[in-house]
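Take a look at the following structure, please.
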């Protein structure tokens, strides 16, 4: 087994979240009061909510990838819910020795997208219910893609004559 550490930098996640929020807000008429509220997702105070959602989303992903992410508690562990400003989010996975770099890159991108989409779903839930449903379905689809990506590493691989 090898240890694979995936990292997502907070500034990059916030950049994508702000871009998506800007695009969502542009879809609304200028007279809509929610337009500016949607764009404010990355502002001071609001970014605290974003951090909480990112924390929860990464915890959900780690739990869904339990066969690869499990860490045994060796001694007493102190946990707290204090909101911490951090430079990045990390996920450590124990993967088979023959785990592909391409799969690791795909997993990294899928999880990045899921982190961003889940923040958007959470944020739009307050202002645009119909958009919340769209972003929530994107999150569900990404969860399925992540599970499918990791499922190919369970059991023996069977080679096919044609790659597509």
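Each reported figure results from applying straightforward, stated rules to the coordinates on display, with no laboratory input. If you're wondering where the values come from, they're calculated on a predicted model, not measured in any experiment. Neighbour counts are summed over all protein chains in view; Cβ atoms, including those assigned to glycine, are modelled from backbone coordinates with ideal geometry.
Note the angle between two axes, namely the Cα long axis of helix 46-64 and the longest principal axis of the Cα atoms of the chain, as a number of degrees from 0 to 90, rounded to the nearest 10.
So the inclination is approximately 20 degrees.
Which of 72, 119 comes first, and how do the rest follow, when ranked by fewest Cβ neighbours within 10 Å?
In increasing order of surrounding Cβ atoms, one gets 72, 119.
Could you give the length gained on full extension between residue 79 and residue 134, defined as 0.36 nm per residue of separation minus the Cα-Cα distance, in nm?
Values: separation 55, 0.36 × 55 = 19.80 nm, distance 3.39 nm.
Going from the current span to full extension adds 16.4 nm.
Tell me, how many Å apart are the Cα centres for region 33-94 and for region 95-121?
15 Å
Can you give the calculated 222 nm mean residue ellipticity of the chain, where each DSSP H run of n ≥ 4 adds -39,500 (n - 2.57) and the sum is split over every residue, rounded to the nearest 500 deg cm²/dmol?
The per-residue figure over the chain is -19000 deg cm²/dmol.
Between 0 and 90 degrees, rounded to the nearest ten: what's the tilt of helix 101-125 against the longest Cα principal axis of the chain?
30 degrees
Using the alpha-carbon atoms, what tilt in degrees (0 to 90, nearest 10) does helix 129-151 show relative to the longest principal axis of the chain?
10 degrees
Can you bin region 44-102 into rounded, prolate or oblate? Criterion: square roots of the alpha carbon gyration tensor eigenvalues sorted a ≥ b ≥ c, rounded for a/c under 1.5, prolate for a/b above b/c, oblate for the rest.
It comes out oblate by the Cα gyration axes.
When a/c is below 1.5 the answer is rounded, else prolate if a/b is larger than b/c, else oblate, so apply that to region 1-73 with a ≥ b ≥ c taken from the square roots of the Cα gyration tensor eigenvalues.
Cα axes put region 1-73 in the prolate bin.
Pull out the extension gain between residue 98 and residue 64, defined as 0.36 nm times the separation in residues minus the alpha carbon to alpha carbon distance; nm, one decimal. Display every interim value, and only then the final one.
Working: separation 34, 0.36 × 34 = 12.24 nm, distance 2.12 nm.
Between residue 98 and residue 64, full extension yields 10.1 nm more.
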